[in-house]
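Single-structure report; data block below.
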Amino acid sequence: MSLYKPDDAVRVLKEFWRKDPKSCVKILLTCSYLLTTVIVKKYKSITPANAILELDFDLLEVVTTRPNKIEQLFHPNTIYFYDIINYINHASGDAKVKALICRLSDKAHLSLAMIQELRQAILNFRAKGKHTVVYSESFGELSNSIGSYYLATAFNEIYIPQCGAVGLVSFSSDQSFIKKTLDKLGITAEFFKRKEYKSAADPLTEEKLTDSNRESLTALLGDILNQMYQGIAKERNLGMDQLLNIISNGPYSSNKAVELNLVNGTKYLNETYEHLKKKMEEDHKKKPTLLYLTKYMSTKPHPYSQKSKHQFALINLEGAIYRGQSTDPMHGGPSIGSETVSLALRAATLDKNIKAIVLVVNSPGGSYIASDLIHHEIELAKKAGKKVVVHMGQFAASGGYFIACNADRIVALPGTITGSIGVLAGKFNTKPMWEKIGVTYDMINLNNNDKHGDNDNSTFYSALHPYNKVQRDAMNDFLDYIYGDFTSKVAAGRTLTAAQVEDVARGRVWTGNQALDRKLVDKIGSLNDAINEAKTLCGLKETDKLQIVEFPKESLLKKLLSSGSPYNSEEANKKGSNNAETSAAGGFISSVVHACKSISTIFTIVQSAIVNQSNNSTNVILGSSNNQFSTLLSQQNQSFAQCSIDPVLF
């Protein structure tokens, strides 16, 4: 017998209405609002038929490290680059999506590797019978635009306004050297390197390109340009000789660009949209609907987010390599901290559901010790039965290659800059500069063996004294040891002989294509190709459903609700993080305080880094060469030299 009687419920509701009609109205309105919101959200989650996706780089801030919730709160236009790739790939198989229109912008700051990966996604989208159109206000405004134009040629149609131009010209690169400037200031840069191609410190120690550096750069840049030229010629139906002749006589006005088939026509942005909408309506007999890619992303689950028994770990490594904790863009990063990465690798290794670990490496190098620590954790993961695959971004050079070389598979992009198997170290002698402005020093020396002599090692790390003979000998022995360790690890990881490694090492950098020819990488491809390589290693098919779990995987909410720092190192390894800063107070309150400290950095107007080690100026760096790469290849605004050499700040 049921105790519930509908009549009783009706009687209670009527009584409530009689006593407090205002509250009843409020409840009804609230319920109506919530119901309407759910219906609208459900309706918007349905992709309309004959949809045209919009990718507007003028509205987006593209990053290669997934932003956390705090960063997204204060930078809502930030978008993770690989989300763009994944959802374009997803849309290529969506029958309702018929076209993609893209607006290029100088704000995008896309590196060559990002351009190549995005370009391939666009070509795959086209291969599924979808139409693509790109609009740019101009390809360069009295500036070389080879990178953005290379990306644009992946689209079916290219349009610029009448006022626009195509700034294709022949290529040259000016390399700067500041040795004479340092001489005038009274600063001497003393650096040791292994070997002749290791040129990161050359701008400080040389007055022009060395023969080895010129040889390396000429081959590197030549291959990169050839990749772009071949892509442009193929998609614009131009012969290579024809394209080279066009480039030799550029730049071009919009009308001339149309005549040479560099663009399809001259249209303003609104005209480009109307042209595509008209074409889609004619082709599919239905009025098209525009849909931002970001909105499309919000209506679809992430391609690798759905639960599956097949789980891979994804660890993103971006920036220079240091010991300690990684830093995010909010705190001066991104950078790769050996402690953070090691914990993430240990957590993925201990997770029984994880079958493979995919590392996305985008680093020009850094600390030898930090690189070796990460390399060791990768070895431990492999010994535990995990398959490890590395995907290389714009850079995976020197220290970046050190941490990649023992992976089961390495996948690079054609324009990835990798190799640079070598080491450099040194310091600045600044004493003459200080004397010029009246600063003098005196020293207390407790070396009982040889005060101020050639056997005195007390000034080894001092920025006020040059290296003496015993110190130079010690430095050379040290670098020989590190170089030998580096090359032996490459030989073991890549199954090469010592002689084979030496032929491709000596500090020389290579493109991804060149590295493939020299067995430094296994395949040229995208991040999705790297994931498929991991599937193959695990005995899975490409069509098998896969779940990607990003490590460290502890969210901000979990950190706030956790009971404080890990109980011990074993718990830290399982969690993949060690909240040491919360250990003193512990618990929820300390976690909130710690989170607030992170948020407060958003409001900092000026950040300064104070280096208080004036006496500790020798740095062992596994860094790649030439800070001109960043501007040369239209990469993110970062100084390549700063990633390679830790300068002493006076």
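A few points about this structure:
- Computed from backbone phi with θ = phi - 60° and the Karplus coefficients 6.51, -1.76 and 1.60, the 3J(HN,Hα) list for segment 469-474 is 4, 5, 6, 5, 4, 5 Hz; x is used for glycine and proline.
- Out-of-range pairs (alpha-carbon distance over 32 Å; input LYS130/LYS535; LYS193/LYS431; LYS286/LYS541): LYS286/LYS541
- Segment ASP223-ILE444, length gained on full extension (0.36 nm per residue, minus Cα span): 74.1 nm
- Centre-to-centre, using Cα atoms only, segment 497-548 and segment 318-387 are separated by 18 Å.
- Amide H to amide H distances under 5 Å link ALA200 with ASN626, where only residues 5 or more positions off or on other chains count and H is placed in the peptide plane.
- For segment 425-441, backbone phi angles converted through the Karplus equation (6.51, -1.76, 1.60; θ = phi - 60°) give residue-by-residue couplings of 7, x, 7, 9, 9, 10, 4, x, 5, 5, 5, 4, 9, x, 9, 10, 10 Hz, Gly and Pro being listed as x.
- Under the Karplus curve 6.51 cos²θ - 1.76 cosθ + 1.60, θ = phi - 60°, whole-Hz ³J(HN,Hα) for segment 336-349, x wherever Gly or Pro sits: 9, x, 4, 5, 4, 5, 4, 5, 5, 5, 5, 4, 5, 5
- Inter-probe distance in nm under a simple model that places probes 7 Å from Cα toward Cβ, at LYS352 and LEU380: 2.0 nm
- Charged neighbours of GLU377, selected by a Cβ distance under 12 Å, balance to +1 (K, R count +1; D, E count -1).
Bear in mind that the values in this text are calculations on the coordinates, not laboratory data. Quick caveat: nothing in here was measured; it's all calculated off a predicted structure. With ideal geometry, Cβ positions are generated from the backbone for all residues, glycine too; neighbour counts draw on all protein chains shown.
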